[in-house]
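The values are calculated or read from the model by the stated rules, or taken from the named source; none is laboratory data. Note that the structure is a prediction, hence the values are computed from the model and not measured. Every residue, glycine among them, receives a Cβ derived from its backbone with ideal geometry; neighbour counts consider all protein chains shown.
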Amino acid sequence: MRSILAAALALALAGCTVYSSPKPVACPGTLVATLRFSSPIDLPGSTCAFAGDSNVTKQQVGFTGEIFWDPSGTDAAICIPEPHAVPHVGTLTGDQLNVTFVNLGTAIPTCSCPVVITETIAGTLQLQGTEVTGFTGTMIDQVDADPDVSTPCGCVLPCVISYAPFTGTP
């Protein structure tokens, strides 16, 4: 009897793990491609004093992103299929993609104040007919002091962190 209870409890707890993990936020539009995005930091193109500090800033970014768009309009999005990931939303005009995500209240240790990071991915989709075969562009993180907090910053803001060339491959 004890082993049956233990097995039932283990099964119940395993179910809690599965159901407690949040799903990624639904992305608007129609899925048209899944690309692996990557880029080194562009130090000459970055103006944040902490951009070269690997303890503060990623020196190389890489993630899988799903590109969605509205076939009847210009709305577009890049979604990262991971829990808690929020879509980058914006537009697709022709082959030009421009999407943004705003991260409020982030803390950067060297700044000692809450910041707002506006991340923009912009560039050109490579297309063969209607099939997306790649992406080339930039990812720019605009860092500003949080306007809702009066804490003085220990760094010069606004500033940018640039990742270029920012590419996406199937």
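Do we have Ala51 as at pLDDT 95 or above, surrounded by 15 or more Cβ atoms within 10 Å (Cβ to Cβ) and not in a strand (DSSP E or B) here?
Against the criterion (at pLDDT 95 or above, surrounded by 15 or more Cβ atoms within 10 Å (Cβ to Cβ) and not in a strand (DSSP E or B)), Ala51 qualifies.
Given the structure, is Asp148 at pLDDT below 90, of a type in the set (D, E, K, R) and either over 18 Å from Asp53 (Cβ atoms) or surrounded by 13 or more Cβ atoms within 10 Å (Cβ to Cβ) (or both)? Spell out how you get there, then give the answer.
On the way: at pLDDT below 90: yes; of a type in the set (D, E, K, R): yes; either over 18 Å from Asp53 (Cβ atoms) or surrounded by 13 or more Cβ atoms within 10 Å (Cβ to Cβ) (or both): yes.
Considered against the rule, which asks whether it is at pLDDT below 90, of a type in the set (D, E, K, R) and either over 18 Å from Asp53 (Cβ atoms) or surrounded by 13 or more Cβ atoms within 10 Å (Cβ to Cβ) (or both), Asp148 comes out as yes.
Among the numbered criteria (1) loosely packed, with under 13 Cβ neighbours inside 10 Å; (2) in contact (Cβ under 8 Å) with a residue 24 or more places away in the chain; (3) over 18 Å from Thr124 (Cα atoms), which one does Ile41 miss?
All conditions pass for Ile41, except number (1).
With closer than 19 Å to Gly29 by Cβ and more than 17 Å from the chain's Cα centre (by Cα) as the only criterion, which of Gly65, Gly94 stands out?
The unique qualifying residue is Gly94.
Check whether at least one residue in region 60-74 is in contact with an Asp or Glu (Cβ under 7 Å, 6 or more places away or on another chain) and touching a residue at least 24 places away in the same chain (Cβ under 8 Å), and report yes or no.
Among the residues of region 60-74, at least one is in contact with an Asp or Glu (Cβ under 7 Å, 6 or more places away or on another chain) and touching a residue at least 24 places away in the same chain (Cβ under 8 Å), which makes the answer yes.
Hey, Cys111 hits all of (1) assigned to a loop (DSSP other than H, G, I, E, B); (2) of a type outside the set (Ser, Thr, Tyr); (3) exposed (fewer than 14 other Cβ atoms within 10 Å of the Cβ) but one; which does it fall short on?
(3) is the only condition that Cys111 fails.
Identify, please: which residue in region 67-107 is part of a loop (DSSP other than H, G, I, E, B) and in contact with a Cys (Cβ under 7 Å, 6 or more places away or on another chain) and is, among those, surrounded by the most Cβ atoms within 10 Å (Cβ to Cβ)?
So, considering only residues that are part of a loop (DSSP other than H, G, I, E, B) and in contact with a Cys (Cβ under 7 Å, 6 or more places away or on another chain), the one surrounded by the most Cβ atoms within 10 Å (Cβ to Cβ) is Pro87.
Return the residues of region 114-152 that are in a strand (DSSP E or B) and small (Gly, Ala, Ser); say none if nothing qualifies.
Ala122, Gly123, Gly134, Gly137, Ala145
Looking at region 84-102, I want the residues that are within 12 Å of Glu119 (Cβ to Cβ) and in contact (Cβ under 8 Å) with a residue 12 or more places away in the chain and have a partner that is surrounded by fewer than 17 Cβ atoms within 10 Å (Cβ to Cβ) and of a type in the set (Phe, Trp, Tyr) with Cβ atoms under 7 Å, at least 6 apart or on another chain. Which pairs are those?
From residues that are within 12 Å of Glu119 (Cβ to Cβ) and in contact (Cβ under 8 Å) with a residue 12 or more places away in the chain, there are no pairs.
One line per residue, one yes/no per condition, for (1) over 22 Å from Gln142 (Cβ atoms); (2) in contact with a Phe, Trp or Tyr (Cβ under 9 Å, 6 or more places away or on another chain); (3) at pLDDT 95 or above:
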site	(1), (2), (3)
Ser3	yes, no, no
Ala10	yes, no, no
Leu35	yes, yes, yes
Glu66	yes, no, yes
Pro71	yes, no, no
Gly90	no, no, yes
Gly94	yes, no, no
Leu97	no, yes, yes
